[in-house]
Amino acid sequence: MAERVIPLIDQRVAARAAAVPAQAIAADGLLVDTLGRPLRDLRISVTDRCNFRCSYCMPKEVFGKDYPYLPHTDLLTFEEITRIARQFVAHGVRKIRLTGGEPLLRKNIEILIEQLSALRTVDGAALDLTLTTNGSLLERKARALKAAGLQRVTVSLDGLDDSVFRSMNDVDFPVAEVLDGIAAAREAGLGPIKVNMVVKRGTNEHEILPMARHFRGTGIVLRFIEYMDVGATNGWRMNEVMPSADVVKHIRSELPLVQLEHSARGETAERWGYADAQGKHDAAAGEIGVISSVTQAFCGDCNRARLSTEGRLYLCLFATQGHDLRSLVRGNASDEQLASAIGHVWQGRSDRYSQLRSSMAPDSGTGARRVEMSYIGG
Ligand code: SAM
Ligand code: SF4
Ligand code: SF4
């Protein structure tokens, strides 16, 4: 059998220092990029490590025991993260999502949450502060996270069948412990909870209906995510993508659905509500979401920036280059200069990878030197 060749590429070398422009850029919440998209959503990766080895994200063959994770001194400290986040918020960010790697592996993450929860948007409102986790440490940490000021969590879960789940996380982690984590998050008041399921054709599509049945009527929103060609190591193939349209069709074969309005501009999920006997949305049964990152590009509304564990700003999930902010933070840059540098990078943004993907050769897959999902977060 031919072996899959997986390039071991260190994306972290691909960064240039963010420049401070000669003319200051005011942080007044009005910033837009070259396509007129505002900056509203910041995803902060707090660690590049994870205790899972999901093959679509951190395949074991690449992320083995010799993998060179970032040394601790390279990571942004909580104070540095908060200082950078404050400038993003001044530029219009309203939502901050902590991610990774597995964010709950970062020691004392509650302290960072406390600091971030004190930030206020340009309108003086509290931030929408959330975290995406694989749920493995959630049972232990849910209360402390809530007490620190976290509002809600998104838990990744790719199936209910224990053997499917154990093989997808590739570290033999049992599904029951993630379900306990979700229950603990609910008890702690970390809601509304979302559950994200990456659907990989040939691997877990038979888990779609069991997952839908399980979460229907619980108040938890289950979202199906198309398997994406992120990074350069997961060996992505288009024929392993299950289009969201097929997911919806599959669920509808048993559970009637009606389409709902988008919750807000820039929200990536298409919403579908469970229908009652009259074909109207049954609010008690709840809703699902589908995120069609591959089959239906939503770049036109993309208002998300990503900050890597070591302080690099990425403008797209599929970026090949980051903009180093840490050198400014660890240098003598003032807050105004830092805000100007962030503004300058965003003003120059033209990224729209998913829209352009369809014009590329099918199955061209993983050619470019893209940043890894585990490094910048989802
Ligand atoms: N470890 C945490 C977790 O799994 O929730 C947070 C980081 S993880 C990179 C964030 C999200 O990215 C998860 O929901 C995961 O399922 C998703 N993800 C990772 N690789 C993906 C891929 N190739 N396609 C689609 N989603 C992916
Ligand atoms: Fe870890 Fe999340 Fe990536 Fe899975 S998806 S390997 S849990 S970072
Ligand atoms: Fe945003 Fe890039 Fe995804 Fe398009 S491909 S929606 S620009 S992150």
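The values are calculated or read from the model by the stated rules, or taken from the named source; none is laboratory data. What you are looking at is a predicted structure, and each value in this text was computed from that prediction instead of being measured. Glycine also receives a Cβ, built like all others from the backbone with ideal geometry; neighbour counts cover every protein chain displayed.
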From the list Glu139, Glu79, pick out the single residue that is surrounded by fewer than 17 Cβ atoms within 10 Å (Cβ to Cβ), over 14 Å from the mean Cα position of the chain (by Cα) and more than 10 Å from ligand 1 (Cβ to nearest atom).
-> Glu79
So which of Ile111, Ile96 is outside any loop (DSSP other than H, G, I, E, B), crowded, with 18+ Cβ neighbours inside 10 Å, out of contact with any Lys or Arg (no Cβ under 7 Å at 6 or more places or on another chain) and modelled with pLDDT of 95 or more?
-> Ile96
Filter result for the condition that a residue is within 16 Å of ligand 2 (Cβ to nearest atom) and either within 22 Å of Leu157 (Cβ to Cβ) or assigned to a strand (DSSP E or B) (or both), over Gly231, Gly235, Gly289 | Gly231
Can you name the residue in segment 248-270 that is more than 16 Å from ligand 3 (Cβ to nearest atom) and assigned to a loop (DSSP other than H, G, I, E, B) and is also surrounded by the fewest Cβ atoms within 10 Å (Cβ to Cβ) among such residues?
-> Glu261
Selection from segment 269-300 of residues more than 16 Å from ligand 1 (Cβ to nearest atom) and in contact with a Leu (Cβ under 7 Å, 6 or more places away or on another chain) yields Arg271, Trp272, Gly273, Tyr274, Ala275, His281, Glu287
Limited to segment 295-332, what total is found for residues that are out of contact with any Ser or Thr (no Cβ under 7 Å at 6 or more places or on another chain), buried (at least 18 other Cβ atoms within 10 Å of the Cβ) and in a loop (DSSP other than H, G, I, E, B)?
-> 10
Of the residues that sit in segment 30-55 and are hydroxyl-bearing (Ser, Thr, Tyr) and either touching an Asp or Glu at 6+ places or on another chain (Cβ under 6 Å) or away from ligand 3 (no atom under 16 Å from the Cβ) (or both), which one is modelled with the highest pLDDT?
-> Thr47
Per the filter on segment 122-179, residues more than 16 Å from ligand 2 (Cβ to nearest atom) and small (Gly, Ala, Ser) are Gly124, Ala125, Ala126, Ala142, Ala144, Ala147, Ala148, Gly149, Ser163, Ala176
Among the numbered conditions (1) at pLDDT 95 or above; (2) crowded, with 21+ Cβ neighbours inside 10 Å, tell me where Gly231 comes up short.
-> (1)
For segment 114-227, which strands (runs of 3 or more DSSP E) that fit wholly inside it have 3 or more residues that are of a type in the set (Ser, Thr, Tyr) and at pLDDT 95 or above?
-> 128-133
In segment 301-311, which residue that is in contact with a Leu (Cβ under 8 Å, 6 or more places away or on another chain) and either of a type in the set (S, T, N, Q) or within 20 Å of Arg37 (Cβ to Cβ) (or both) is nearest to ligand 3 (Cβ to nearest atom)?
-> Arg304
